[in-house]
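One structure is given here, and the rest of the page talks about it.
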2 protein chains.
Amino acid sequence: MNNFSYYNPTRYVFGTGEYRTIGTLLQGSTDKVLLHYGGASAKRTGLYDAVVESLRAAGIDFCELGGVKPNPSLELVRRGIELCREQGIRYVLAVGGGSVIDSAKAIAMGVVHEGDVWKLFTQEEKLTAAPLPVATILTLPAAGSENSPNTVITNEATGRKLGYGHELLRPALSIVSPELFLTLPAEQMAYGACDMLCHIFERYFTNTQGTELTDALSEATMRTIMQQASILRRDPQNVEAWAQLAFSGTIAHNNILGLGRVQSWTCHALEHELSAVYDVPHGGGLAVVVPAYFDAVWQANPGIFAQWAVSVMGVAPSRDTERVVKEGIARLRAWYRELGLPQTMAELGIPEDADFAAMAQGACSVRPGGLLPGVRTLNQAEAEQIYRNCI
Amino acid sequence: MNNFSYYNPTRYVFGTGEYRTIGTLLQGSTDKVLLHYGGASAKRTGLYDAVVESLRAAGIDFCELGGVKPNPSLELVRRGIELCREQGIRYVLAVGGGSVIDSAKAIAMGVVHEGDVWKLFTQEEKLTAAPLPVATILTLPAAGSENSPNTVITNEATGRKLGYGHELLRPALSIVSPELFLTLPAEQMAYGACDMLCHIFERYFTNTQGTELTDALSEATMRTIMQQASILRRDPQNVEAWAQLAFSGTIAHNNILGLGRVQSWTCHALEHELSAVYDVPHGGGLAVVVPAYFDAVWQANPGIFAQWAVSVMGVAPSRDTERVVKEGIARLRAWYRELGLPQTMAELGIPEDADFAAMAQGACSVRPGGLLPGVRTLNQAEAEQIYRNCI
């Protein structure tokens, strides 16, 4: 295990009805927030009204900015930054899923950053001031942004989707109320579970030795995600299963499971290119690239893939490691299918003649040395081949 | 799962050599600390010198208070409070195990509390001011105090050992360097592992339903503790095993594993009476009372005990729940024996004619309604019987 430092000061409030306490929880921290959200669903479900009522009852003023879309856009982030500056707002409240929270985080750091916020994502500039605090009320468990120090934003003008991480980007407060997820469409649950699982894959499949505890915790969380998502596929109104899945989604990405391990994030890099260019759902893109990525790299570390196949995918242990690993990957594909997730580029709506070379170049370009890290390092040609294996 | 709120703002720094960075890590937070420690071992191992050197290099002044003993005493806490007040010290640095850290926490809250610090423990008074920040360098992984919001202090004048918890008692900073544990005597490792495991037992054995994720995470951590302690029993110089055990000890007690669950803490209540009166090692006392407690209560919730027996103790699943549970408890006793832990009151040095009635009364007295909570509530007579079953 490698040395590490962990700092996670988010106040994490979990349970039925807790979102109604947002006003009380913010009291003493701020008297005005930017209320940031997506579109019609928060208003249709009554969540918007409940939040506004709670803020008003607590005497907290707000200024609102809706309209966040999946793969949240730099343009709206810029509008949020302007709005906060104009109105003297020093606290952002995100009501939504990962896209809304990521957008809120980008606004929160953009407000205090003197330069161009996008240049933080391209690593041309560094954040030197503390971002505004962000509170979140989660409406879609998937991205883990409610307790992570990361944000991912799409620059529509350039077609780039880039992530940024900073320890001060963990939300100050996050509320997770599982009953809010009962109105989600089935495919959102599947995309979310797929994303959560991949957040663990990116950490779990490593060449770092001496990782017994985080291996075991990761395996426990992966099994729980798969079990609870399968329950929800059959019974979408099971609020207890939503609670388990949502809590697992937070644990999957708050980096407890990644402590002391060299991490990969190559599947995310590969997927971000797909969704930046074709605007496909992140979870759908991951379901396509992950198995192809596993096929391409498992031989570099058969031990960790076999351990996963046995302890997470339920494959019987055997000396024939290749059979064990391949059966594990086959079971993962079957589980994606059970959840109704896409399996190929065609099912994602990405044409055979897409510019996979350019996407591979994009994925590699932001990594040190232009190589994608993991149990085996991948160059641009190998990344392109993974895309092509998904056609 | 029950609703919960979690807030854990400790900066947790883990790895070989990290303790040498204490000065740098404290820079900007304080320019003078109370350096609180135990006895000769920190000086003998060179840790004391390394800490002092790091503080000096960072320009951080200190005033020292050594002499903390196992089952840390109220008297020394009072001396620490006086010292901080006299010297205007606003930061406590604990270099030691759970006893030193608990003593530091009690000092940190005693300094800001206008009343008598002991009355916080007896619940006669409430803490209304924020305690001083506490930093820790851990020298004995066991109590989990490096990332917990709790402290346990013994009032030698009255023979009471009482715990106190407050969310602001989590350390601001904790450093865990596994090589510091290589000089520990074998029995300290065993006591520590036993304590860690029991921190999970107190949370795991619950009647709360819908706890799949924390069940699985708890089982993963329990298995890791048992595996790594068994490795260290054979190979005490295995620094990787110490790293896994120490990290597990933090996870066992920072309450991630207890979120959304009704918790028990009855084994700790029973043990605290033993160590308050007979000054036995906490981990040793737990090894004696835990199996007797399990024997007494498992029938109130055979499901959770059978789940534990199968998934942690490796018992083959069977419809015969009683056999599964009893085999699980037998294997726990065997593991305690493998680690050289005491099994009976006699082995703890507690005589047959000890005043078990008074100890049962003491354990029950601080609980609501005078009853010990858990999968089955225990009254004073039942608590006394558990003690007697350990003779």
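The values are calculated or read from the model by the stated rules, or taken from the named source; none is laboratory data. These numbers were taken from a predicted model, which means no experiment stands behind them. Don't worry about glycine lacking a Cβ; one is built from the backbone with ideal geometry, like all the others, and counts go over all protein chains shown. Ligands, DNA and RNA are stripped out before the accessible areas are found, and what is left, the full protein with its side chains, is counted by its heavy atoms. Shrake-Rupley method; radii C 1.70, N 1.55, O 1.52, S 1.80 Å.
Placing a label point 7 Å from Cα along the Cα-to-Cβ axis, A:S230 is separated from the same position in the other copies by 2.8 nm, shortest listed first.
Scalar couplings 3J(HN,Hα) for region B:368-381, obtained by applying the Karplus form with A = 6.51, B = -1.76, C = 1.60 to θ = phi - 60°, are x, x, x, 10, 8, x, x, 4, 9, 6, 10, 8, 5, 5 Hz; x denotes Gly and Pro.
In order along region A:181-195, the phi-based Karplus estimate (6.51 cos²θ - 1.76 cosθ + 1.60, θ = phi - 60°) of 3J(HN,Hα) comes to 8, 5, 8, 6, x, 4, 5, 5, 4, 5, 4, x, 4, 5, 5 Hz; Gly and Pro are listed as x.
Just so you know, the Rg over Rh for region A:287-391 is 1.01, from Cα atoms, with Rh as the Kirkwood radius.
All other residues whose Cβ lies under 15 angstrom from that of A:L378 are scored, Lys and Arg at +1 and Asp and Glu at -1, for a net of -3. Modelled spin-label separation between A:S29 and A:R78, with each label point placed 7 Å from Cα along the Cα-to-Cβ direction: 3.0 nm. Note on chain B: GNM, Cα springs under 10 Å; of B:Y278, B:Y91, B:Y204, the largest mean-square fluctuation is that of B:Y278. Bridging of B:K326 to aspartates and glutamates at a Cα separation below 17 Å is possible for B:D295, once same-chain residues fewer than 8 apart are set aside. For chain A, adding -39500 (n - 2.57) for each run of n ≥ 4 DSSP H residues and dividing by the number of residues yields -15000 deg cm²/dmol at 222 nm.
Comparing mean-square fluctuations of A:G328, A:G17, A:G258 from a GNM of chain A with C-alpha springs under 10 Å, the top value falls on A:G17. In the structure shown, the pairs A:K126/A:K161; A:K43/A:K105; A:K43/A:K161; A:K43/A:K69; A:K69/A:K119 are assessed against 24 Å; a Cα-Cα span above that value is assigned to A:K43/A:K161. Each residue of region B:317-329 was assigned a 3J(HN,Hα) from its phi angle through the Karplus expression (A = 6.51, B = -1.76, C = 1.60, θ = phi - 60°), giving x, 7, 5, 7, 4, 4, 5, 4, 5, 5, 5, x, 5 Hz with x at Gly and Pro. Pairs of alpha carbons in region B:201-343 separated by more than 28 Å make up 16% of all such pairs.
Could you identify which residue out of B:T224, B:T266, B:T16 has the top mean-square fluctuation in a GNM of chain B using Cα springs shorter than 10 Å? Comparing B:T224, B:T266, B:T16 in the GNM, the peak value goes to B:T16. For chain B, the longest principal axis of the C-alpha atoms and the axis of helix B:356-365 are separated by about 70°. Just add up the charged neighbours of A:M1: K/R +1, D/E -1, any other residue whose Cβ is under 14 Å from the Cβ of A:M1. Neighbourhood net charge equals -3.
Sorted from shortest to longest, the distances between the B:P317 label points of this copy and the other copies are 1.8 nm, with each point 7 Å from Cα along the line through the beta carbon. For a label point 7 angstrom out from the Cα of B:A130 toward its Cβ, which stretches of region A:1-29 have the backbone nitrogen within less than 20 Å? Label zone hits: A:7-13, A:24-29.
Whole-percent P(r), region B:43-90, all Cα pairs, 5 Å bins from 0: 5, 17, 21, 20, 22, 14, 2. Using a simple spin-label model with pseudo-atoms 7 Å out from Cα toward Cβ, B:T122 and A:A381 lie 8.0 nm apart.
Shape analysis of the protein assembly as shown yields a ratio of the Cα radius of gyration to the Kirkwood radius, Rg/Rh, of 0.97.
Local charge sum around B:P171 (other residues, Cβ-Cβ under 13 Å, Lys/Arg +1, Asp/Glu -1)? That works out to 0.
Take the Cβ atoms of A:D49 and A:A186, set R0 to 30 Å, and the FRET efficiency comes out at 0.70.
On a per residue basis, the convex hull of the C-alpha atoms belonging to region B:54-189 measures out at 112 Å³.
Across the copies of the chain, B:R388 has label points (7 Å from Cα along Cα→Cβ) spaced 8.1 nm apart, shortest distance listed first. Restricting region A:76-176 to GluC sites (Glu not before Pro) that sit in a DSSP loop and have at most 12 other Cβ atoms within 10 Å of their own Cβ leaves A:E114, A:E124. Taken about its Cα centre, chain A carries a charge dipole of about 480 debye when Lys and Arg each add +1 at the Cβ and Asp and Glu each add -1 at the Cβ. Here region B:257-339 has 51 percent of its accessible surface on carbon and sulfur atoms, given a 1.4 Å probe and all protein chains in place. As a length-normalised measure over Cα pairs under 8 Å and 6 or more apart, the relative contact order of chain B settles at 15 percent.
Shown for region A:181-225: residues covered by the partner protein chains by 30 Å² or more of accessible area relative to the chain by itself (probe radius 1.4 Å), namely A:E212, A:L213, A:A216, A:L217, A:A220, A:T224. Alpha-carbon geometry of chain A: the Rg and the Dmax are 20.4, 65 Å, given in that order.
Computed over protein heavy atoms with a 1.4 Å probe, the accessible surface of the protein assembly as shown works out to 37 Å² per residue. Here the average projected area of the convex hull drawn through the C-alpha atoms of region A:17-81 stands at 4.8 nm². One quarter of the surface of the convex hull around the alpha-carbon atoms of region B:203-243 equals 3.3 nm², the direction-averaged projected area. Using R0 = 56 Å, the C-beta based FRET efficiency linking B:Q361 and A:A357 works out to 0.10.
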